[in-house]
Amino acid sequence: MGTSVIGGSSTRVEDKKFLTGTGKYLDDLEFHNISNAVFLRSPHAHAQISSLCTSKAKQMPGVLTIITADDVQKEGLKFLKPFVQENPNTGEAFSFADQPLLAQEIVRYPGEPVVLVIAETLYQALDASEHIDIDYIPLPHVTDAKEALAINTINVIPAIERNIFVEWNVCNQDKIKKIFDEADYIVDLSLKNHRIVTNPMEPRGLIADWDMNNDSYTLYGSTQNIHVMRNSISDMLGVPATSVRFIAPDVGGGFGAKNFCYTEYGLIAWASKKIQRPVKWVASRSEGFLSDHQGRDHQSESSLALRKDGKMLALHVKSYANLGAYMVGSAGGVQVVQYANLPGTVYNIPNIGLEIFGVLTNTTPIGVFRGPGYAEANLIMERLIDKAALQLGYDKAELRRLNMYRAEDMPFTNALGGSVDSGNFGRVLNAALEKADYSGVDARRRKSRTLGLLHGIGFAYHIKGTGGAPDENVDIHFNDDGTVSLIMGTQSIGQGHETTFPQILENQLGINKESIFLQSSDTDRIPFGGGHGSSRSTYMGGTAIFRAAKEIISEGIKIAANEFETSVEDIIFVDGCFCVDGTDRSLSLLKVAQVARKLGRPLDTYQKWTREAMTFPNGAHVAEVVIDSETGTVNLKRYTAVDDYGVLVNPKIVEGQMHGAIAQGVGQALLEGVVYDDVSAQMLTGSFMDYAVPRADNFPLFKTAFDGTACTTNPLGVKGCGEAGTIAAPSAIANAIVDALKAFGVTHIDGPATPEKIWALMRSS
């Protein structure tokens, strides 16, 4: 190829429809004779359903049907299985129970669906739901993972002993103990990475339309992974996957909560067949708080052993992951794969031991919120290092530099077998500290002191493996009108795929991207797809495009050689044209595609590939805070990020991803946190009245930059870019707050760092 368009910040082509109000989200779709669904959910965390009567509700105006667990059982619908069911490291099955579509006899978390009501209108369904009589007998409940492990009297699911779905020990206890016994310094940390609500802007939902002519289902849903949804729903319905077509219109965010299936989807699909009409369900915001897969809720007790010179000798972590009432999606796999992949993150720690407990409680199931597993591991590591620097009198930047893997160490494999192909961690850290004016913080600290403010600076180095589902495919068609259809298995929910994927194909084939039209989000268009979880789209989809383009060029050379009546060795491909080398004779790719079609040898190409490794985006984030010493209020004054995402396809789009992830990370650090009542286990933070998400005035202007090292695991050199800020921000901000409070003897704070919490820490010193 000649000119490259990779790295150009072209504007997003999809923005026009969104800015002009012509996008089509689930609630915008119109269907003839559509009905509306409402779920009646459990008000209890744990209770026995002693009686259930729907007779009054069935007589309400507009009611079409009311479905209970008995109806589901009579129909023979299957329970929802988790996507990941075993520990891939050992092949041992997790201890889990499939999730009932509607609660059967026992409810296990507040918000669990109990009854489905379908009526002509939404308000009629809501009215009818209020006339359903249910009596509950409350049972003992538990919401904390450590307590669930310790209490023998409460079993969330009777068949699962001690509420443990996985217990995995990756630790040579004798060796680790000996190292700690002989170490010069030991730093201990008890940490809680608190639970948060995922909160995509568009709620979850599904519209189901059953076709009686061929007994098939067409489903429209706000989701991140149409093929996983299709397969899970077909399993619940007990029909072949070919009987289910899943289409995702424009999707207003997901952040992991829409990656995997929910029981509601199987029920809505079946209800459409039952009443022989389209059925629509869109969750209310309150339903989202109660029932969407949530994030984090991870406790740990960690220890770091060091030599006098600051070199790290060993890391030991004992962790307790709260998975809620059911193990859903890939939540089990997160604990033994993502979390256990890089527990030492970017630091060369020769000995690492992990003790992992995955625990069930009477809470909403935990899913895969942005950066799952890696966010938990990064927070532990970055807080440990700052505590070590504070406790032992080291400079926190120097302690990091001393222990980081160096550029010349690449690729490295850590003590537990996790491998990273590329990166220059020290250089990126230095760039971030320079951009943040780290050397000038003392002057800013003195100025804050004169104003009665506490001033702190903190930083964190993040890393994450991206790749998600290991298989991806692409189908490229050259159309009669000169356009190109780019059909992808991965799916967009706002990341800019309609811009970046055509940009990659333009770069490889020299076709103007205005002629390339992305098609995705429909299971009938392509055999399978891995969605976009784990920031995989550009890596997996982009590599599929790259490989397909190579095939197209190879076949095109043969067609061009035939047209020019020369040998294939004489044909070269440059800037979208096949040329006879050393002459001015050329044909454009689109012209060759026309010729190929006439010859019955179309250049249409399908490409499937399976990855063997992941990509590892990484970077340094620096947060600077001032704290009001009278109230404990935190003001985030500065935020700087320098990230390594390898080769950037479209830097402007990447920068947007950075900003969004940082915003969510700041939200977790300072504002967001799920709270369950100690007595009733009701979610006290069940709406925006009680759950604080960040707004524009919570942020400074972000200072961002890129310092990329090309990834070696894919031909484009790209690394996933969607999750860095959610991983780095909580660590950097916690470190900054502790730095500001060190005069009070504070050495650690768990999030969210609310004014009340900080005020109490200052007063207790």
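The values are calculated or read from the model by the stated rules, or taken from the named source; none is laboratory data. None of the values given here were measured: they were computed from a predicted structure. Heads up, the Cβs are rebuilt from the backbone with ideal geometry, glycines too, and the neighbour counts pull from every protein chain shown. Note: accessible area is taken over every heavy atom of the protein model, side chains too, but ligands, DNA and RNA are not part of it. Shrake-Rupley method; radii C 1.70, N 1.55, O 1.52, S 1.80 Å.
Determine whether the range 62-69 contains at least one residue that is open to solvent by 40 Å² or more (accessible area, probe 1.4 Å) and not in a strand (DSSP E or B).
no
Cβ-Cβ below 6 Å, separation at least six or inter-chain, first residue in the range 323-349 and touching a residue at least 12 places away in the same chain (Cβ under 8 Å), second surrounded by 24 or more Cβ atoms within 10 Å (Cβ to Cβ) and part of a helix (DSSP H, G or I): which pairs?
Listed pairs, sorted by first residue: Leu323/Ala331; Gln338/Tyr374; Tyr339/Glu376; Tyr339/Ala377; Pro343/Ala377; Thr345/Asn378; Thr345/Met381; Val346/Phe425.
Can you list residue pairs whose Cβ atoms sit under 9 Å apart, with the first residue in the range 446-471 being touching a residue at least 12 places away in the same chain (Cβ under 8 Å) and farther than 16 Å from Ala736 by Cα and the second being buried (at least 21 other Cβ atoms within 10 Å of the Cβ) and of a type in the set (Lys, Arg)? Count only pairs 6 or more apart in sequence or on different chains.
Hits for this filter: Thr466/Arg536; Thr466/Lys719; Gly467/Arg536; Gly468/Arg536; Ala469/Arg536.
Those residues that are aliphatic (A, V, I, L, M) and within 10 Å of the chain's Cα centre (by Cα), I need them from the range 366-386; list them, please.
Val368
Only one residue in Gly426, Gly456 is open to solvent by less than 40 Å² (accessible area, probe 1.4 Å), in a helix (DSSP H, G or I) and either at pLDDT 95 or above or farther than 30 Å from Ser534 by Cβ (or both). Which one?
On inspection, the qualifying residue turns out to be Gly426.
Can you name the residue in the range 554-579 that is of a type in the set (A, V, I, L, M, F, W, C) and more than 23 Å from Asn512 (Cβ to Cβ) and is also least open to solvent (accessible area, probe 1.4 Å) among such residues?
That would be Ala561.
Residues of the range 459-499 being open to solvent by 10 Å² or more (accessible area, probe 1.4 Å), among the small types (Gly, Ala, Ser) and under 22 Å from Arg12 (Cβ atoms), which ones?
Ser485, Ser492, Gly494
So which residues in the range 365-396 are free of Cβ contacts under 8 Å to residues at least 40 places away in the same chain and surrounded by fewer than 21 Cβ atoms within 10 Å (Cβ to Cβ)?
Selection gives Ala389, Gly393, Asp395.
In the range 307-327, what residues are surrounded by 23 or more Cβ atoms within 10 Å (Cβ to Cβ) and farther than 24 Å from Val156 by Cβ?
If the condition is that a residue be surrounded by 23 or more Cβ atoms within 10 Å (Cβ to Cβ) and farther than 24 Å from Val156 by Cβ, then Met312, Ala314, Leu315, His316, Val317 are the ones that fit.
Given the criteria out of contact with any Asp or Glu (no Cβ under 6 Å at 6 or more places or on another chain), more than 23 Å from Gly458 (Cα to Cα) and hydrophobic (A, V, I, L, M, F, W, C), does Ile662 qualify?
No.
Can you tell me which condition Cys579 does not meet? The list is (1) under 43 Å from the mean Cα position of the chain (by Cα); (2) farther than 30 Å from Gln657 by Cα; (3) not aliphatic (A, V, I, L, M), and all the others hold.
(1)
Taking Gln299 as the residue in question, decide whether it is touching a helix residue (DSSP H, G or I) at 6+ places or on another chain (Cβ under 7 Å) and either crowded, with 24+ Cβ neighbours inside 10 Å or at pLDDT 95 or above (or both).
So Gln299 passes the test.
With the requirement that a residue be over 30 Å from Arg611 (Cβ atoms) and open to solvent by 30 Å² or more (accessible area, probe 1.4 Å), what does the range 695-727 give you?
Arg695, Ala696, Asp697, Asn698, Phe699, Leu701, Phe702, Lys703
Is one or more of the residues making up the range 85-94 open to solvent by less than 20 Å² (accessible area, probe 1.4 Å), in a loop (DSSP other than H, G, I, E, B), within 16 Å of Val38 (Cβ to Cβ) and in contact with a helix residue (DSSP H, G or I) (Cβ under 6 Å, 6 or more places away or on another chain)?
Taking every residue of the range 85-94 in turn, none turns out to be open to solvent by less than 20 Å² (accessible area, probe 1.4 Å), in a loop (DSSP other than H, G, I, E, B), within 16 Å of Val38 (Cβ to Cβ) and in contact with a helix residue (DSSP H, G or I) (Cβ under 6 Å, 6 or more places away or on another chain).
Taking strands (runs of 3 or more DSSP E) that fall entirely within the range 115-202, which contain at least 3 residues that are open to solvent by 70 Å² or more (accessible area, probe 1.4 Å)?
133-138, 185-193
Of these, Pro470, Pro502, Pro527, which one is at pLDDT below 95 and either at positive phi or not hydroxyl-bearing (Ser, Thr, Tyr) (or both)?
Of Pro470, Pro502, Pro527, the one residue that is at pLDDT below 95 and either at positive phi or not hydroxyl-bearing (Ser, Thr, Tyr) (or both) is Pro527.
Within the range 658-676, restricting attention to residues that are under 16 Å from the mean Cα position of the chain (by Cα) and surrounded by fewer than 22 Cβ atoms within 10 Å (Cβ to Cβ), which residue is nearest to Trp759 (Cα to Cα)?
My answer is Ala663.
Considering each residue of the range 732-756, count those that are in a loop (DSSP other than H, G, I, E, B), touching a helix residue (DSSP H, G or I) at 6+ places or on another chain (Cβ under 6 Å) and free of Cβ contacts under 8 Å to residues at least 60 places away in the same chain, and give that number.
2
Test Ser50 against the criterion of being buried (at least 16 other Cβ atoms within 10 Å of the Cβ) and in contact with a strand residue (DSSP E or B) (Cβ under 7 Å, 6 or more places away or on another chain), and give yes or no.
no
Between a first residue in the range 505-524 that is of a type in the set (Ser, Thr, Tyr) and a second residue that is assigned to a loop (DSSP other than H, G, I, E, B), which pairs have beta carbons less than 7 Å apart while being 6 or more apart in sequence or on different chains?
Ser515/Gly482; Ser515/Thr483; Ser520/Thr490; Ser520/Gln491; Ser520/Ser492; Ser521/Ala248; Ser521/Gln491
Among the residues of the range 500-532, count how many are open to solvent by 40 Å² or more (accessible area, probe 1.4 Å) and over 11 Å from Met488 (Cα atoms).
So the count comes out to 4.
Pick from Ala103, Ala45, Ala37: which is open to solvent by less than 20 Å² (accessible area, probe 1.4 Å), within 23 Å of His293 (Cα to Cα) and either in a strand (DSSP E or B) or modelled with pLDDT under 95 (or both)?
Ala37
Please verify whether Glu112 is under 29 Å from Lys258 (Cβ atoms), among the charged types (D, E, K, R) and open to solvent by less than 10 Å² (accessible area, probe 1.4 Å), treating the condition exactly as stated.
It is true that Glu112 is under 29 Å from Lys258 (Cβ atoms), among the charged types (D, E, K, R) and open to solvent by less than 10 Å² (accessible area, probe 1.4 Å).
Would a scan of the range 1-13 turn up a residue that is surrounded by 17 or more Cβ atoms within 10 Å (Cβ to Cβ), in contact (Cβ under 8 Å) with a residue 24 or more places away in the chain, among the β-branched types (Val, Ile, Thr) and in contact with a Gly (Cβ under 7 Å, 6 or more places away or on another chain)?
Checking the range 1-13: not a single residue is surrounded by 17 or more Cβ atoms within 10 Å (Cβ to Cβ), in contact (Cβ under 8 Å) with a residue 24 or more places away in the chain, among the β-branched types (Val, Ile, Thr) and in contact with a Gly (Cβ under 7 Å, 6 or more places away or on another chain).
Find all pairs meeting these conditions: Cβ atoms under 6 angstrom apart; at least six residues apart or on different chains; first residue within the range 600-614 and closer than 17 Å to Pro527 by Cβ; second residue open to solvent by less than 40 Å² (accessible area, probe 1.4 Å) and of a type in the set (Gly, Ala, Ser).
Thr605/Ala548; Gln607/Ala544; Gln607/Ala548; Trp609/Ala544
Does Ile247 fit the bill of being open to solvent by less than 10 Å² (accessible area, probe 1.4 Å) and β-branched (Val, Ile, Thr)?
The answer is no for Ile247.
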